[in-house]
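Written out below as structure tokens is the structure these notes cover.
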Ligand code: FEO
Ligand code: CA
Ligand code: CA
Ligand code: CA
């Protein structure tokens, strides 16, 4: 059956059918336009992009590679003027450079890659339905060469000192920034995720404790994929053993102050942060939720000691940024309420009709106090995964984005997939991760006692083809929903509908963006709003009343493709090289998104 239109405000559009077009395909009645692409100018003096004549100096001033998270930070109440803030997660050198030699990258190629990482801040104005970049004092590139201040309880720890930074308080740059969020005080949080892949020579470390710490974070092998260690010893674990401890943090950027020094917050722990997002407790304390995107890793939260100052002044921003340096870090333990025997790993609903239960936040450290036997507080913050392993936290199916719903106050987390669930030597099905060989992922809904230590939870979606009996769509009629696979990012419209972007669709369609009501009779009615081009992932959705933006990441990145053999020609068509880009989508008649 074809999914029908439905009529919940915000999701009232005709769903896009699964497809493999090398285009952004939107719901009928919508228009699209590129906002900015890899290589487009960001700061003054940026040269026009020339794919065949790239330089590091140019890339430092141009939009970076592989846009992931994006946010529109409003500068006026009508939403006409915004700061577009974007993460540039990673580089794919074989797609960036024609004739690239994986064994012998040139120094200039490596320096281009350093400059293509980080974030961009771009002033954008509404124009003809879409968004147009403007020259502005706010425009900024943050790269792997930008100084960051390490803050919070572990700043200055011996584990964070290097020969370039004997104080352990200043790090050059940020990398593998995946998802993020806008804080209530107008700054951007961004998660350093698969930072491990950039470090070489881990194999030479044999001292058991150091080796265990590297292993748990996936830092292994001799040479790294990108060979950066040949051009700067900080990427060589044998020469600079602590540099790797200076990545894997939540970073905070103040886009309103282009001169500000970005921050790495050690109090939020070090792991493969997909993101961190803020919920404010009734008493004004702030709570940051974060997931560790790895098979069988954990969900965390941080609760501040101090209280949020309201208002948008620079003084309030400074005060609120410091909240994330002083508080308590917790990890989540999930308990199902159905008998274990009813969770058989097939996704069959237990007798009570729901995958649901209660949970507990287990404290790991607070300030300089550790709650984990055998770990100092610094060790909890810096080797957080190993500390969390000790306290009985629940191993999840790759926690990706986690964000509070501003309308109903519940927390939503995408668990993208985990095909190892239930395989030999691994944890089996539990009510919070109920399928073995979980190919398509699920979406968790949490009712958290914000600053407290208890929560309730249930699974809103168990993803896949609705004809697959292991799927669950919030109890809604499965003949009326769009297939969805590998949820990654989550966002909300002003009605509180959940919007989900996907990465790695295992249903033979391109990835896309979906909307789903979470309350009322259409709870669970998943509808596809758009699909992205071949090989691309849909990232960083922003849902505003009259415009939606998505980041199209790694178009054309499929096995065997490269700059010499491109598998996508999006967005410029013809024989052009694919370029990761931010796309705006709006209604042709100028009306509200998802309303008739
Ligand atoms: Fe970069 Fe967890 O996706
Ligand atoms: Ca149950
Ligand atoms: Ca992601
Ligand atoms: Ca992902």
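The values are calculated or read from the model by the stated rules, or taken from the named source; none is laboratory data. Nothing here was measured: the structure is a model prediction, and the numbers come from that model. Here the Cβ is made from the backbone with ideal geometry for all residues, glycine too, and neighbour counts use every protein chain on show.
Data table
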{"read-out": "Per-region count, region 526-536, residues more than 19 Å from residue 31 (Cα to Cα), in contact (Cβ under 8 Å) with a residue 60 or more places away in the chain and either in contact with a strand residue (DSSP E or B) (Cβ under 7 Å, 6 or more places away or on another chain) or assigned to a strand (DSSP E or B) (or both)", "value": "1"}
{"read-out": "Test: residue in region 349-370 that is in a helix (DSSP H, G or I) and touching a residue at least 40 places away in the same chain (Cβ under 8 Å)", "value": "no"}
{"read-out": "Residue 443 modelled with pLDDT of 95 or more and within 16 Å of ligand 3 (Cβ to nearest atom)", "value": "yes"}
{"read-out": "Residue check for residue 197: within 16 Å of ligand 3 (Cβ to nearest atom) and surrounded by fewer than 20 Cβ atoms within 10 Å (Cβ to Cβ)", "value": "yes"}
{"read-out": "Filter pass, residue 430 being more than 16 Å from ligand 4 (Cβ to nearest atom), crowded, with 17+ Cβ neighbours inside 10 Å and farther than 28 Å from residue 494 by Cα", "value": "yes"}
{"read-out": "Answer from 410, 386, 415 - the residue that is away from ligand 1 (no atom under 16 Å from the Cβ) and in contact with a strand residue (DSSP E or B) (Cβ under 6 Å, 6 or more places away or on another chain)", "value": "410"}
{"read-out": "Test: residue in region 379-390 that is farther than 24 Å from residue 189 by Cβ, crowded, with 24+ Cβ neighbours inside 10 Å and touching a residue at least 12 places away in the same chain (Cβ under 8 Å)", "value": "no"}
{"read-out": "Filtered residues of region 391-440 (kept if farther than 21 Å from residue 504 by Cα and within 16 Å of ligand 2 (Cβ to nearest atom))", "value": "394, 429, 430, 431, 432"}
{"read-out": "Any hit, region 203-218, residues being away from ligand 1 (no atom under 16 Å from the Cβ), part of a loop (DSSP other than H, G, I, E, B) and either in contact (Cβ under 8 Å) with a residue 60 or more places away in the chain or in contact with a strand residue (DSSP E or B) (Cβ under 8 Å, 6 or more places away or on another chain) (or both)", "value": "no"}
{"read-out": "Residue within region 415-427 that is away from ligand 4 (no atom under 16 Å from the Cβ), farther than 30 Å from residue 374 by Cα, crowded, with 21+ Cβ neighbours inside 10 Å and without any contact (Cβ under 8 Å) to a residue 40 or more places away in the chain present", "value": "no"}
{"read-out": "Residue within region 87-99 that is closer than 20 Å to residue 256 by Cβ, modelled with pLDDT of 95 or more and buried (at least 22 other Cβ atoms within 10 Å of the Cβ) present", "value": "yes"}
{"read-out": "Region 540-569, residues that are more than 22 Å from the chain's Cα centre (by Cα) and closer than 17 Å to residue 98 by Cα", "value": "559, 560, 561, 562, 563, 564, 565, 566, 567, 568, 569"}
{"read-out": "Residues located in region 306-334, provided they are free of Cβ contacts under 8 Å to residues at least 60 places away in the same chain and assigned to a strand (DSSP E or B)", "value": "306, 307, 328"}
{"read-out": "Breaking point among (1) over 26 Å from the mean Cα position of the chain (by Cα); (2) assigned to a loop (DSSP other than H, G, I, E, B); (3) over 22 Å from residue 454 (Cα atoms), for residue 421", "value": "(1)"}
{"read-out": "Conditions (1) assigned to a loop (DSSP other than H, G, I, E, B); (2) within 16 Å of residue 399 (Cβ to Cβ): number failed by residue 444", "value": "(1)"}
